[in-house]
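I have placed the structure first, in the form of structure tokens, so that the comments after it can refer back to it.
The values are calculated or read from the model by the stated rules, or taken from the named source; none is laboratory data. On a predicted model such as this, the values are computed, not experimentally measured, just so you know. Cβ placement follows ideal geometry from the backbone for every residue including glycine, while neighbour counts extend to all protein chains displayed.
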Amino acid sequence: MIRFLLQPSLIHGVGVFTLDEIPSDTLLPLFAADELLTTRTDELGERFGFWNPSRGGYDCPADLHRLSIGWYLNHSDEPNTRYVTAEDAYYSSRRILVGEEILISYSSETSSRECLQ
């Protein structure tokens, strides 16, 4: 089991950090499998969602009181995590050390969360 912790990020606001060392190519359980999504056009959608141009709004959790830890992932041009569209899953792209922030590339992520619909 991999344990995560939300804490202040040096990159932006709050981030996801690991309490365990994670080997390269490890599946990361960042989102609940049963999390329902919706498309919003308001400030909450903009703040918590991913822009979906085909729907003209932001895809975000249907229940904002129940956010998976993955919604707190921050962007990096050199991420340590990658999204695999065919599996709708996140994997470590290298070994991640204890206490390190889990980072993704928003440029590839923006369109990928559509797979949860």
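Of note:
Yes/no per residue for (1) at pLDDT 90 or above; (2) farther than 18 Å from Asp25 by Cα; (3) crowded, with 18+ Cβ neighbours inside 10 Å:
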site: Asn52; (1), (2), (3): no, yes, yes
site: Arg55; (1), (2), (3): no, yes, no
site: His65; (1), (2), (3): no, yes, no
site: Ser68; (1), (2), (3): yes, yes, no
site: Glu78; (1), (2), (3): yes, no, no
site: Glu87; (1), (2), (3): no, no, no
site: Tyr91; (1), (2), (3): yes, no, no
site: Leu97; (1), (2), (3): yes, no, no
site: Ile102; (1), (2), (3): yes, no, yes
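- The residues of the stretch 1-28 that are over 11 Å from Leu73 (Cβ atoms), polar (S, T, N, Q) and not in a strand (DSSP E or B), listed by number, are Ser24, Thr26.
- Yes/no for Leu5 being loosely packed, with under 14 Cβ neighbours inside 10 Å, at pLDDT 95 or above and touching a Leu at 6+ places or on another chain (Cβ under 9 Å): yes
- Consider the stretch 8-41 and keep the residues that are under 19 Å from Ala89 (Cα atoms), exposed (fewer than 12 other Cβ atoms within 10 Å of the Cβ) and aliphatic (A, V, I, L, M). The one that is modelled with the lowest pLDDT is Ala33.
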